[in-house]
1. So, Gly151, is that one without any contact (Cβ under 8 Å) to a residue 24 or more places away in the chain, outside any loop (DSSP other than H, G, I, E, B) and within 23 Å of the chain's Cα centre (by Cα) or not?
2. Can you tell me which of Gly224, Gly266 is in contact with a Lys or Arg (Cβ under 7 Å, 6 or more places away or on another chain) and open to solvent by less than 30 Å² (accessible area, probe 1.4 Å)?
3. Select from the stretch 207-229 the residues that are more than 16 Å from the chain's Cα centre (by Cα) and of a type in the set (D, E, K, R) and write down the one among them that is farthest from Asp197 (Cα to Cα).
4. Does the stretch 199-220 contain any residue that is at positive phi and either open to solvent by 40 Å² or more (accessible area, probe 1.4 Å) or among the hydrophobic types (A, V, I, L, M, F, W, C) (or both)?
5. Restricting attention to the stretch 53-86, and to residues there that are surrounded by fewer than 22 Cβ atoms within 10 Å (Cβ to Cβ) and among the small types (Gly, Ala, Ser), which single residue is modelled with the highest pLDDT?
6. Return the total of residues in the stretch 156-177 being part of a loop (DSSP other than H, G, I, E, B) and in contact (Cβ under 8 Å) with a residue 40 or more places away in the chain.
7. Taking the condition of being in a helix (DSSP H, G or I) and either in contact with a strand residue (DSSP E or B) (Cβ under 7 Å, 6 or more places away or on another chain) or not charged (D, E, K, R) (or both), how many residues in the stretch 239-283 meet it?
8. How many residues does the stretch 328-360 contain that are modelled with pLDDT of 85 or more and either over 18 Å from Gly269 (Cβ atoms) or open to solvent by less than 30 Å² (accessible area, probe 1.4 Å) (or both)?
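The values are calculated or read from the model by the stated rules, or taken from the named source; none is laboratory data. If you're wondering where the values come from, they're calculated on a predicted model, not measured in any experiment. Ideal geometry is used to build each Cβ from the backbone, glycine not excepted, and the neighbour counts take in all protein chains shown. With ligands, DNA and RNA removed, areas are computed over all heavy atoms of the protein, side chains included. Shrake-Rupley method; radii C 1.70, N 1.55, O 1.52, S 1.80 Å.
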Amino acid sequence: MAVKTQSNPLARLNPNSLYGHADFKMALASARSSERLHHAWLLTGPNGIGKASMAYMAAAWLLSDAEPAEALFGDVPTDFSLDLNDPGAKQVLNGAHPDFMAIYPREEDNKSGQIKIDQIRAMHPFMMHSPGRGKMRVAVIDSMDEINRNGANAMLKLLEEPPVNTIIFLISSRPGRLPPTILSRCRQFRMQQLSQDDCRKALTSIWPDADENHINLLAGLCDGAPGRAVSLAQSGAADCYQAVCALMASQKLDIVALSTLCGKWGKGGGAGRETREGAVYLLERLLSKAARHKASASTEDIDGFEAPVLNLLSERHSVSHLAELHRDFVTAAAPAEALYLDFPHFLLRQITQMHQKQLL
């Protein structure tokens, strides 16, 4: 049912790189075993931890041809396991199962990057029909963060009066922005960041030939979210961050070199969106880490290329001022991105302010 486009998340899904989230898999398997499978699951948690990927795997499991294995002696199932060679599962993961629908922002003629209201409306006839092949119909909305209020309202009828044998997985990294009417009609499940070990395993499976030091660097930067690590690496945001940290570690900031780097890091248009998002995430993370470092006066977790700039920030700012810089940066970054302002200039101004000594 999902249309294959360059932006199709199923085309990028690698089942062998999924790690963690055993609690979600156990909850879903238990709900199905007890025949108390909620019609709408809202999967929340930080960006890049695999929420949508796990939802697609869950859809493949629910629509697989094989019957789910029964737990021994009536025990609660501890997991769901998916046979990637199962015909039904393969159809889902190829976006071709007649009882599966994937909703995500289409690239064609879509400058906003949002899920269109027509896509939500198309769910109604799809979900109302009887299953064509399996015992249920399953949809994944990837993600609710890309749907405006009109689109969310269009979903309410499905959530208020769900057709029988239908399951919807809704993905959100910012559930606090969703209407209460959506939240109240879903089973909310908070998914957690991966452990460092699982994160490294996931990244190694994605880049089996990558240098171990590079894997460790990305695992450290992504805070348990391998999807974010992929974005940071492929967009060039991680490389820009390392170069900016090297400049910021100097007592005197090279404004010309920094301006050139900010031009790469904050490039405009749709093609630069991931790079800009990476810049915001990494600088917010740097300020937060600097504040914790200053507050604890500890050298823990500051080895590597970030150590010199963290030490400099700690020397030049108080804990309260670092917290203030963090707050101001987060507050200013969102509108700067949303309003398509001169993002390189925004980054240059913010980094310069971070580097300057606090006025007493």
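1. No, not satisfied.
2. Sole residue among the options that is in contact with a Lys or Arg (Cβ under 7 Å, 6 or more places away or on another chain) and open to solvent by less than 30 Å² (accessible area, probe 1.4 Å): Gly266.
3. Asp209
4. no
5. Filtering first and then ranking leaves Ala66.
6. Number satisfying all stated conditions: 2.
7. 29
8. 19
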